[in-house]
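The values are calculated or read from the model by the stated rules, or taken from the named source; none is laboratory data. Everything numeric in this text was worked out from a predicted model, so none of it was measured. FYI the Cβ positions are ideal-geometry reconstructions off the backbone, even for glycines, and counts take in every protein chain you see.
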Amino acid sequence: FPGLKVLQFAFGGDENNPYLPHNYPRNCVTYTGTHDNNTILGWFCDPAGDTTQSAEAKERERQCALKYLGCASEANNWDFIRLALASVADMSIIPLQDIMGLGSEARMNRPGTTTGNWRWRFTWDRLTDEMKRRLKEMTGIYGRGAR
């Protein structure tokens, strides 16, 4: 969809990639991922994942993400969340699985498959006070809180 910016599509190595936050127009919505993508950590940490990319291409993408984030060797879910929230996009949507730092096991949907989809469920006891605190802090820093 026009105006939909998914961070997982940003790190192919092209500095003009429209999914890189520095290329966003204001009139867009950014996501760390959607229901049809892996979680941000599943995408970043799983070398094979659900991709048709070679292992070498996936590693290049991972290294590009690290460089863009300014991380030496590792990144975590909050690095990607910060990137989305700090962007100029009018709206930023962060799936709960990414806030909670979950991996591929929490993926919502795998397009083109008929089994195992839409099974992940959220329960409030899994959202820790630390997660709430960090999200509140980041939404405040980047002006994403209630207006």
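Listing for the model above:
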| item | result |
| --- | --- |
| Selection status of residue 46, in contact with a Ser or Thr (Cβ under 6 Å, 6 or more places away or on another chain), more than 13 Å from residue 7 (Cα to Cα) and acidic (Asp, Glu) | yes |
| Complete set of residues in the range 19-70 that are of a type in the set (A, V, I, L, M), surrounded by 14 or more Cβ atoms within 10 Å (Cβ to Cβ) and outside any helix (DSSP H, G or I) | 20, 29 |
| Which numbered condition residue 92 misses (of (1) modelled with pLDDT of 95 or more; (2) in a helix (DSSP H, G or I)) | (2) |
| Failed item in (1) basic (Lys, Arg); (2) under 20 Å from residue 10 (Cβ atoms); (3) surrounded by 14 or more Cβ atoms within 10 Å (Cβ to Cβ), with residue 134 passing the rest | (2) |
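Here's the yes/no breakdown for (1) of a type in the set (S, T, N, Q); (2) surrounded by fewer than 16 Cβ atoms within 10 Å (Cβ to Cβ); (3) touching a residue at least 40 places away in the same chain (Cβ under 8 Å):
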site: 76; (1), (2), (3): yes, yes, no
site: 79; (1), (2), (3): no, no, no
site: 88; (1), (2), (3): no, yes, yes
site: 92; (1), (2), (3): yes, no, yes
site: 95; (1), (2), (3): no, no, yes
site: 102; (1), (2), (3): no, no, yes
site: 107; (1), (2), (3): no, no, yes
site: 113; (1), (2), (3): yes, yes, no
site: 119; (1), (2), (3): no, yes, no
